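Here, each number is a calculation from the coordinates, and none is a lab measurement. Predicted model, so just to flag it, every value in this text is computed and none were measured. Neighbour counts are summed over all protein chains in view; Cβ atoms, including those assigned to glycine, are modelled from backbone coordinates with ideal geometry.
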């Protein structure tokens, strides 16, 4: 066998010996096995014995949920000692990773280092408002920012490149952090701007197809292979199930909200269009763009009527309540379908979104680093603020929350958090959860494939937050609710084009 | 005044007159100081902002003269928002006023149990506007809302076109929250007014055989003129600045059907164009100052 | 002419119906706070009594019970859930924060407003109506325009995310109405009383403090309640000027997550927030009704 294989086998044997001799806890043993690529099923793990009684709960119980990487915590305790008593702050959207991190931090991070972490969890537009306010005055209120990928251009000058910081501050650099473990498409798509890495990818809501297998079976409908078929299937399903109060799909088409813009990009990129062409002019009103918008208008017609007042939370709720049969939308919603009080537990399946028709526009033909593909990604980073007065303490937290162990656990706990790290996808704890039930991970395959093969990213430019919140979804909203444009997709897109081109020129970006 | 002055001299006070308790100065100084610092400074800063332009790349604020103002006046969306705000203000004000007077008349009696009714009527006032917004959002939801359910049952609204999704009805939906919450305020003011009216003219009218309607229009209403004027002024100002309900219930949608001027300013503010947001806010302020000044003069409102 | 028996009864019925209509939204809201989700989202129609009430929403927001524990009590598999994690829906601190700020701003407002109102009621000087108009005009500025300058100002003064900062801002907004309201109450006290006191040798200050002020206790209570309610319910400025301090309206807005809106907790916290204000306004109702003519009927 090769040298590498030999090392691996030695490693495994040593670990086994240590475990038997009780020099390793069961958790650490399993972690090392995972590192060596050896997976354990729950049954086998149970056979290893040890561990506390779980009171009859199946699978990985609360003990595993509390599994802590003892080495990492010890390192944190040592390095964090001088900063004990500091308080760091950041504000974030209520996405599963943030919620979970918030719940774990007191018992683990703060306990080890004495550094307190105050997280302000607010809706996304408030996160933007607070971050904008903070950087305008360089207030330093927040030590870390949670930055949506669409804001990266706006805030790139306010954050510190984490890789540089890691290299320059060796005494604070967490061992085994493993930068290469982060999914490269995610780093490129979310965290990079103008060659600078602006933060560490933290969450990755991404568009996949989620559908009610039971309804498809009931009506003998074949799964759609591309978006044209998808529309037909949606229409078919609405016809078939409308009497039962179930629509083909549900959109997040709230007028004037970013969610509508996200849905629109899926339709646009899915039909070979793009927002900007390589001359940085608005291209959403060309032939492919108009086809895309017409497609979306049809989707809205096949959604419950309130879809034009919903953002992603209303859409998620509609799917969980069984009001729609399928949607191409955030994979984050998926575990909610399997919640204990969900009407549709176990009925949804996940796949990558159907293919674009006729195909994607090449990224080289688009402006501002836009990457068209049907799998719209809305990822965010956690970033270190230039104006922070507690950079070191914040940096320690940042590494903890993005560490292999924490990220893997975040994927399983609280549900819905797609991994940022390649290792998380193969972590045995994650694989164990690929069953029906709360915190399920059975949609991860679809997500990983989408990240690697059809991830679409919005343009990177400083006024994008403005355009994607205040202009594009407002005009689209006028069209979809009949307030203006009389149903004419081209007229609406032309109007958007005028506004966008005007603002881009005004800001000196062309 | 000479009595007081002599009293002071008798006491041997040597303070200059304007600092003693007899001059308005010490009484008004604290409030004036407070309002100057916290009121004048933001105003000044907003004016300063409105004369600048924010460079997106450098974040610097560069002097731009009348740029923002020219932009605002040529911004169709601003005019639309202004129109929406005016519509909202007038309709809601009229409804609140009429309902307020009617309900006050209804409840203005010393009969048993009416005290309880009046007390219950004040309850909507104590609900946080943010909560009121959510209340009405829940009730008007197209699929689960209780209000929607009854509207469908009465065939006033079609389930395919719920209240909040149509440009024409969305503004009404937002107004419902406002009317629900603030009509009690009008009721309280009107009740106060009714209770301080002198009894004699009414007794005389009753003796003369005037009907209830005649009494109302010829006697009650004119005597309440001043109360109504103050109520209209205060409520009108608040309605014009409306933000909370719009934010929670419709976020300015569908399209821009419920986008009031304050809400539009808020949107711009959230994405960082502070100078333009300041300009829009100043437009609100200017309109309010002009209109209320005219109002005070025409209706001879005295405080 | 004396209304007939029938007319009286009709009036009673109409009055009760009108008040009931106004009470309905609150009743519905409070009802929703004890419903399980299946009853809130029942698509076949509104659910009035056909459900098993659950105290869980209150347990989470008011008693600090974690959601997770509730999930486990419902017999769920705990594998997807964290035990002993922090409960970000626990709202007790928010209720306390809101109370501190509301009481604080009420006190400051009353202090400033009574001084000014007394003066404006008793002393005539040039430009008095204009001064009053200036005070009232502080209400004209949309709150959103005040945010940025105040944020910067507070940063320089070290008032960001402090109780004092928010108290001052709420006071600023409360002052106009408080001054107008209190002036009308002072106007109700005849000037003769002041003059009699001063002839007897009291200074202006003593007259104010010992004689006149006690006579407007009811009015002060009414003004206090209005100030309290306003501060308790204010949203926008509280949102932008604080980070750790989270007043109740701000806290409620955080219950809207990226995958769902937590109606159960929102209704529970909302209902709890209404209770103290309602009690206060009931206590001062009479005085409120008296004073709200705001002096407009004096000629």
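Somewhere in the stretch A:345-359, is a residue within 28 Å of residue A:215 (Cβ to Cβ), within 14 Å of chain C (Cβ to nearest Cβ), surrounded by fewer than 21 Cβ atoms within 10 Å (Cβ to Cβ) and more than 17 Å from the chain's Cα centre (by Cα)?
So far as the stretch A:345-359 goes, yes, one or more of its residues are within 28 Å of residue A:215 (Cβ to Cβ), within 14 Å of chain C (Cβ to nearest Cβ), surrounded by fewer than 21 Cβ atoms within 10 Å (Cβ to Cβ) and more than 17 Å from the chain's Cα centre (by Cα).
I'd like to verify a number: residues in the stretch B:252-272 that are within 13 Å of residue B:72 (Cα to Cα) and touching a residue at least 24 places away in the same chain (Cβ under 8 Å), how many? Step through it out loud before you land on a result.
Applying the first criterion (within 13 Å of residue B:72 (Cα to Cα)) to the stretch B:252-272 yields B:261, B:264-265, B:268.
Add one more test, that the residue is touching a residue at least 24 places away in the same chain (Cβ under 8 Å), and what stays is B:261, B:264.
So the count comes out to 2.
Per-residue answers, yes or no, for (1) more than 10 Å from chain C (Cβ to nearest Cβ); (2) closer than 30 Å to residue A:506 by Cα:
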site	(1), (2)
A:413	no, no
A:435	no, no
A:440	no, no
A:451	yes, no
A:455	yes, no
A:464	yes, yes
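How many residues does the stretch A:165-178 hold that are farther than 14 Å from residue A:381 by Cβ and either touching a strand residue (DSSP E or B) at 6+ places or on another chain (Cβ under 8 Å) or surrounded by 13 or more Cβ atoms within 10 Å (Cβ to Cβ) (or both)?
Counting residues in the stretch A:165-178 that are farther than 14 Å from residue A:381 by Cβ and either touching a strand residue (DSSP E or B) at 6+ places or on another chain (Cβ under 8 Å) or surrounded by 13 or more Cβ atoms within 10 Å (Cβ to Cβ) (or both) gives 7.
Please indicate, with yes or no, whether at least one residue in the stretch A:456-464 is surrounded by fewer than 17 Cβ atoms within 10 Å (Cβ to Cβ), farther than 23 Å from residue B:274 by Cα and either in contact with a strand residue (DSSP E or B) (Cβ under 7 Å, 6 or more places away or on another chain) or in contact (Cβ under 8 Å) with a residue 24 or more places away in the chain (or both).
No, the stretch A:456-464 contains no residue that is surrounded by fewer than 17 Cβ atoms within 10 Å (Cβ to Cβ), farther than 23 Å from residue B:274 by Cα and either in contact with a strand residue (DSSP E or B) (Cβ under 7 Å, 6 or more places away or on another chain) or in contact (Cβ under 8 Å) with a residue 24 or more places away in the chain (or both).
Listed residues C:159, C:180, C:166, C:172; which is within 30 Å of residue C:192 (Cβ to Cβ) and either away from chain A (no Cβ under 14 Å) or assigned to a loop (DSSP other than H, G, I, E, B) (or both)? Show your work before the answer.
Details: C:159 fails: within 30 Å of residue C:192 (Cβ to Cβ); C:166 fails: within 30 Å of residue C:192 (Cβ to Cβ); C:172 fails: within 30 Å of residue C:192 (Cβ to Cβ).
Only one candidate passes the filter, namely C:180.
Exactly one condition in (1) surrounded by fewer than 21 Cβ atoms within 10 Å (Cβ to Cβ); (2) closer than 20 Å to residue B:285 by Cβ; (3) more than 9 Å from every other protein chain (Cβ to nearest Cβ) is not met by residue B:50; state its number.
(1)
Just to be sure before I move on: is residue B:130 surrounded by fewer than 24 Cβ atoms within 10 Å (Cβ to Cβ), more than 29 Å from residue C:9 (Cα to Cα) and at the interface with another protein chain (Cβ under 9 Å from one of its Cβ atoms) in the structure I sent? Spell out the reasoning first.
On the way: surrounded by fewer than 24 Cβ atoms within 10 Å (Cβ to Cβ): no; more than 29 Å from residue C:9 (Cα to Cα): yes; at the interface with another protein chain (Cβ under 9 Å from one of its Cβ atoms): yes.
Against the criterion (surrounded by fewer than 24 Cβ atoms within 10 Å (Cβ to Cβ), more than 29 Å from residue C:9 (Cα to Cα) and at the interface with another protein chain (Cβ under 9 Å from one of its Cβ atoms)), residue B:130 does not qualify.
Out of the stretch B:233-246, which residues are within 14 Å of chain A (Cβ to nearest Cβ) and surrounded by fewer than 24 Cβ atoms within 10 Å (Cβ to Cβ)?
B:243
Are there helices (runs of 4 or more DSSP H) fully within the stretch B:85-156 with at least 3 residues that are in contact (Cβ under 8 Å) with a residue 24 or more places away in the chain, under 23 Å from residue B:237 (Cβ atoms) and under 20 Å from the mean Cα position of the chain (by Cα)? List them.
Hits in the stretch B:85-156: B:129-140.
Does residue A:389 satisfy the criteria of being surrounded by fewer than 23 Cβ atoms within 10 Å (Cβ to Cβ) and farther than 30 Å from residue A:77 by Cβ? Step through it out loud before you land on a result.
Working: surrounded by fewer than 23 Cβ atoms within 10 Å (Cβ to Cβ): yes; farther than 30 Å from residue A:77 by Cβ: no.
No: the conditions fail for residue A:389.
In a loop (DSSP other than H, G, I, E, B), within 22 Å of residue A:269 (Cβ to Cβ), away from chain C (no Cβ under 13 Å) and in contact with a helix residue (DSSP H, G or I) (Cβ under 9 Å, 6 or more places away or on another chain), is that true of residue A:460?
yes
Can you spot a residue in the stretch C:205-224 that is part of a helix (DSSP H, G or I), buried (at least 24 other Cβ atoms within 10 Å of the Cβ) and facing chain B (nearest Cβ under 9 Å)?
No, because not a single residue in the stretch C:205-224 is part of a helix (DSSP H, G or I), buried (at least 24 other Cβ atoms within 10 Å of the Cβ) and facing chain B (nearest Cβ under 9 Å).
Have a look at A:269, A:312 and point out the one that is farther than 26 Å from residue B:164 by Cβ, touching a residue at least 40 places away in the same chain (Cβ under 8 Å) and within 22 Å of the chain's Cα centre (by Cα).
That would be A:269, the only listed residue that is farther than 26 Å from residue B:164 by Cβ, touching a residue at least 40 places away in the same chain (Cβ under 8 Å) and within 22 Å of the chain's Cα centre (by Cα).
If I ask for residues that are within 13 Å of residue A:295 (Cβ to Cβ) and part of a strand (DSSP E or B), which ones from the stretch A:210-247 would you list?
A:226, the sole residue that qualifies.
Out of (1) in contact (Cβ under 8 Å) with a residue 40 or more places away in the chain; (2) touching a strand residue (DSSP E or B) at 6+ places or on another chain (Cβ under 9 Å); (3) farther than 18 Å from residue A:224 by Cα, what's the single condition that is false for residue A:363?
Here residue A:363 meets the rest and fails (1).
Enumerate the helices (runs of 4 or more DSSP H) found wholly within the stretch B:171-244, keeping only those where 2 or more residues are within 13 Å of the chain's Cα centre (by Cα).
Answer list for the stretch B:171-244: B:225-240.
Read through the list (1) in a helix (DSSP H, G or I); (2) in contact with a helix residue (DSSP H, G or I) (Cβ under 8 Å, 6 or more places away or on another chain), then give the number of the only condition that residue B:168 fails.
Residue B:168 satisfies all of (1) in a helix (DSSP H, G or I); (2) in contact with a helix residue (DSSP H, G or I) (Cβ under 8 Å, 6 or more places away or on another chain) except (2).
Counting only residues that are in contact (Cβ under 8 Å) with a residue 60 or more places away in the chain and facing another protein chain (nearest Cβ under 8 Å), how many does the stretch B:196-232 have?
Residues meeting the conditions: 3.
What's the total number of residues in the stretch A:93-132 that are more than 10 Å from chain C (Cβ to nearest Cβ), touching a strand residue (DSSP E or B) at 6+ places or on another chain (Cβ under 8 Å) and under 22 Å from residue C:247 (Cα atoms)?
5
When you look at residue B:216, is it under 30 Å from residue C:286 (Cβ atoms), in contact with a helix residue (DSSP H, G or I) (Cβ under 9 Å, 6 or more places away or on another chain) and surrounded by fewer than 18 Cβ atoms within 10 Å (Cβ to Cβ), yes or no?
yes
With (1) buried (at least 23 other Cβ atoms within 10 Å of the Cβ); (2) more than 14 Å from chain A (Cβ to nearest Cβ); (3) outside any helix (DSSP H, G or I) as the list, and residue B:259 as the residue in question, which single condition is left unmet?
(2)
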